[in-house]
Amino acid sequence: MPPASPDPRHGPAGRSAIDAVLEPLRAETDRVDRALADNQAFLEERRSRGVDAKTRALLTRAADSPDAPDSLRRVARRVAAGEITWDDVFAHRAGPGGAAFLDDAFRTAQQHFADADLPAVRVPDEALQVGVDPDEVSDDLVRIRVEAREAHDAIFRRAFEERP
């Protein structure tokens with residue numbers, strides 16, 4: 001197995017080689033950070049407006065589907081009766097029934113996206129030439145994807161939480 005990094009005896013030249021190889025990864029990490037920040041801002045703005053009429057209609061129609069989960073049907077009946085609003089549900093003010101619906105909805109979304117095939121990221125030849133271990137890079141990419149998904153889910157959940 002090749003060494004994990006260039007020989008430290010190469011001094012600044014070795015460091016420059018590492019920096020040149022890592023620069024595209026750093027640029028991609030910066031892009032992901034910006035995308036997460038943009039996503040958070042979008043969700044915060046969206047949360048401040050509440051559930052729009054089109055989404056309320058879709059939720060109500062979905063509750064009438066024979067495939068609708070019981071949690072959605074129960075919440076939709078309470079909304080129709082005027083006991084709560086969809087805004088209450090997504091702001092976690094609809095009690096245990098609203099929480100059960102949100103848990104079902106998030107679980108379904110996570111299952112849907114967990115099955116998504118993400119293309120493998122090939123380790124650049126330049127990285128291999130300076131001694132980067134492709135297995136370590138692959139493990140790091142898997143870890144980064146998991147962390148990004150967790151960060152996205154946390155942002156998405158916070159967007160619907162009630163503020164103090």
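The values are calculated or read from the model by the stated rules, or taken from the named source; none is laboratory data. Keep in mind that this is a model prediction, so the values were computed, not measured. Every residue, glycine among them, receives a Cβ derived from its backbone with ideal geometry; neighbour counts consider all protein chains shown. All accessible areas refer to the heavy atoms of the entire protein, side chains included, with ligands and DNA or RNA removed. Shrake-Rupley method; radii C 1.70, N 1.55, O 1.52, S 1.80 Å.
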Note to self: Out of L58, L22, I need the residue that is modelled with pLDDT of 80 or more, under 28 Å from L141 (Cα atoms) and either touching a Leu at 6+ places or on another chain (Cβ under 6 Å) or hydrophobic (A, V, I, L, M, F, W, C) (or both). Which one?
What the structure shows: L22
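So how many residues does segment 46-66 have that are in contact (Cβ under 8 Å) with a residue 24 or more places away in the chain and more than 18 Å from T108 (Cα to Cα)?
So in segment 46-66, the residues in contact (Cβ under 8 Å) with a residue 24 or more places away in the chain come out as 46-47, 50-51, 55-56, 59.
Add one more test, that the residue is more than 18 Å from T108 (Cα to Cα), and what stays is 46-47, 50-51, 56.
Qualifying residue count, segment 46-66: 5.
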Margin query: Looking at segment 56-83 only, could you name the residues that are over 20 Å from G95 (Cβ atoms) and among the acidic types (D, E)?
Written below: D64, D67
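Return yes or no: is P69 without any contact (Cβ under 8 Å) to a residue 40 or more places away in the chain and either surrounded by 14 or more Cβ atoms within 10 Å (Cβ to Cβ) or small (G, A, S) (or both)? Steps first, answer last, please.
On the way: without any contact (Cβ under 8 Å) to a residue 40 or more places away in the chain: yes; either surrounded by 14 or more Cβ atoms within 10 Å (Cβ to Cβ) or small (G, A, S) (or both): yes.
Considered against the rule, which asks whether it is without any contact (Cβ under 8 Å) to a residue 40 or more places away in the chain and either surrounded by 14 or more Cβ atoms within 10 Å (Cβ to Cβ) or small (G, A, S) (or both), P69 comes out as yes.
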Checklist line | Qualifying positions in segment 67-110 - at pLDDT 90 or above and of a type in the set (S, T, Y) | finding: S71, T85
Checklist line | Matching residues, segment 43-66, being open to solvent by less than 70 Å² (accessible area, probe 1.4 Å), among the polar types (S, T, N, Q) and within 22 Å of the chain's Cα centre (by Cα) | finding: T55
